[in-house]
Amino acid sequence: MKLWGGRFIKEENSLVNQFNASISFDQRFYRQDIHGSIAHVTMLAKQGILTDSEKQQIVEGLEGILTDVENGTLEIDPAAEDIHSFVEAVLTQRIGDVGKKLHTGRSRNDQVALDMKLYIRDEISQLDSLLKNLLHALLTIIESNLETYMPGFTHLQKAQPVTVSHHFGAYFEMFLRDRSRLSDIRKRMNTCPLGAGALAGTTYPLDREYTASLLGFDCATRNSMDSVSDRDYLIELCSAMATVMMHLSRFCEEMILWNSNEYQFVELDDAYSTGSSIMPQKKNPDIAELVRGKTGRVYGALVSILTTMKGIPLAYNKDMQEDKELVFDAIDTTKGCIALFTGMLETMKFNKEIMEKSAANGFTNATDAADYLVNHGIPFRDAHGIVGRLVLYCLDRGIALDDMSLEEYKAISPVFEEDIYDAISLKTCVEKRTVLGAPGPSAMAKVVVEYKKLLEE
Ligand code: ARG
């Protein structure tokens, strides 16, 4: 049964019916729709717009529908136009004419705006707790690898030695920012649109602040036209999720490289790898690749919703129904990716010896050799040139700076003494980097204390 049959003489075309309907995807928020309706009638009764007995019957009816949908005795009718019509139709079937009073002082425009906000609020908290789990997994790795040396890269060329803690700490920071973005969005969106009606509010003496407080909103929205046509928070959420995915994708790209036969820095667990149908030796990082791949899909949602919104005149237009499938898919994808990635990380093994060996070659200590000269009074630019000559000398012979004899050093600069070997050892190179934010284990240990506190909040 349609909510709007009165003005029509003809049935709509059956394809139109299908094209227009949203029940296949908006049934997701049946719970939010019912909770919103319960708050609405509670407010209507408080304002004397409904009697207490009417409110009682409607609330009981709605609670019954909720229970029955939840336990599977009431199936959501796929032929209904949307979840709002479905709930109202079942309510009226069950409790009779009083059910028709539910929609007093309300429109589907403010109703859908409300439902979506309630739904998104729950999803934001789920996304947040998944990110929190990921941060815990990262913290475990960070804490147990303060002295696991590895090369740090720029341009994917070995640059200076760092530690696994430090490298993973960079990702910790990214996902921390992602959480704070989510919490900003949650704060900004937490205003209640109910009572905005179709676009111009209503003449009923609604207490909008009361409804807002019943539903856990900070306040009611201030402009009814904006209330029914604001989808900013969905755009912000898609943008935040796109950023989460970008971070995951970079991380996946690195783990794919590190897991390759060329690097062998890590080994992904069997449970998070797949095989090849033809090459028996293969163990592929498909999960990491899929997370990297699905990033495009979440970016797509962001661009789609921005594009959908860009030409819509005030106030509500049906274009906005398109927000749901996009956002739902982006949320499902992002949640799935965070969860899988976390599992992959928790089970991944580090080949610490290989990482350390890799850090020890490739002249990652060249900067420290230059710093040694600076500490002995040579201006940095000259020191840079001298070490450049050392590197060239080593490259010719296929050796590392650590392998040169003191005579060879002195031949290039007499400033070098026996203590050069200690100054450029991998351990010294990392340990001496104690400035805030650097990989030195003592600096990193202080940061870890902060990380722990942040996760306790
Ligand atoms: N299914 C609609 C949506 O998702 C609900 C609002 C319908 N309002 C209307 N005036 N047709 O946007």
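Rule-based calculations on the coordinates, nothing more; no lab input. Source: prediction; values computed, not measured. Every residue, glycine as well, gets a Cβ built from its backbone with ideal geometry; the counts of neighbours run over all protein chains shown.
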Determine ³J(HN,Hα), in whole Hz, for all residues of the range 353-366 in sequence, where each value follows from phi through the Karplus function 6.51 cos²θ - 1.76 cosθ + 1.60 and θ = phi - 60°; x replaces Gly and Pro. 5, 5, 5, 5, 4, 5, 5, 7, 10, x, 6, 5, 9, 4
Size descriptor, Kirkwood hydrodynamic radius, that averages inverse alpha-carbon separations across the range 49-158, Å: 18.5
Taking the Cα centre of the chain as origin and charging only Cβ (+1 Lys, Arg; -1 Asp, Glu), how large is the dipole, in debye to the nearest 20? 1000
Do you know the relative contact order of the range 165-288, to the nearest whole percent, from alpha carbon pairs under 8 angstrom that are 6+ apart? 20
Positive-end extreme of charge dipole, the chain - chosen from Thr308, Met404, Ser165 (charges on Cβ): Thr308
Relative contact order for the range 229-347: what percent, with Cα pairs under 8 Å and sequence separation of 6 or more? 35
Local electrostatic count, Phe350, Cβ distance below 11 Å [Lys/Arg +1, Asp/Glu -1]: -1
Determine the dipole magnitude for the range 243-282: charges of +1 sit on the beta-carbon of Lys and Arg, -1 on that of Asp and Glu, nothing else is charged, the reference point is the Cα centre, and the result goes in debye to the nearest 20. 120
Within the under-15-Å Cβ sphere about His384, not counting His384, Lys/Arg +1 and Asp/Glu -1 give a net charge of -1
Output for the range 8-84: trypsin sites (Lys or Arg not before Pro) sitting in coil per DSSP, at most 14 other Cβ within 10 Å, listed by number, reads Lys10
Just how many % of Cα pairs in the chain lie over 42 Å apart, if you round to the nearest whole percent? 39
Can you classify the range 282-364 as rounded, prolate or oblate using the Cα gyration tensor, where a ≥ b ≥ c are the square roots of its eigenvalues, rounded means a/c under 1.5, and otherwise it's prolate if a/b beats b/c and oblate if not? prolate
Decide, for the range 1-104, between rounded, prolate and oblate: order the square roots of the alpha carbon gyration tensor eigenvalues as a ≥ b ≥ c, take rounded if a/c falls under 1.5, and otherwise choose prolate if a/b is larger than b/c, else oblate. oblate
³J(HN,Hα), Karplus 6.51/-1.76/1.60, whole Hz, each residue of the range 329-336, x for Gly, Pro: 5, 5, 5, 4, 5, 5, 4, x
Just to verify a number: FRET efficiency for Ser276 and Glu322, C-beta to C-beta distance, R0 = 45 Å, to 0.05? 0.70
Is the C-alpha gyration tensor of the range 1-50 telling us rounded, prolate or oblate? Criteria: a/c under 1.5 is rounded; beyond that, a/b larger than b/c is prolate, otherwise oblate. oblate
Could you tell me, in Å, what Rg and Dmax come out for the Cα atoms of the range 119-233? 22.3, 70
Return the calculated 222 nm mean residue ellipticity for the chain, to the nearest 500 deg cm²/dmol, obtained by summing -39500 (n - 2.57) across DSSP H runs with n ≥ 4 and dividing by the residue count. -20000 deg cm²/dmol
Within-13-Å neighbourhood charge of Gln264 [Cβ basis; K, R +1; D, E -1]: 0
Note, ³J(HN,Hα) from phi for the range 253-262, Karplus 6.51, -1.76, 1.60, rounded to Hz, x at Gly and Pro: 4, 5, 5, 5, 4, 5, 7, 6, 4, 6
Check: the range 305-395 dipole with +1 on Lys, Arg Cβ and -1 on Asp, Glu Cβ, in debye: 240
Just the Kirkwood number for the range 205-276, please: inverse of mean 1/r across all distinct Cα pairs, in Å, one decimal. 16.9
Could you tell me the center-to-center distance, by alpha carbons, between the range 269-285 and the range 216-234 in angstrom? 49
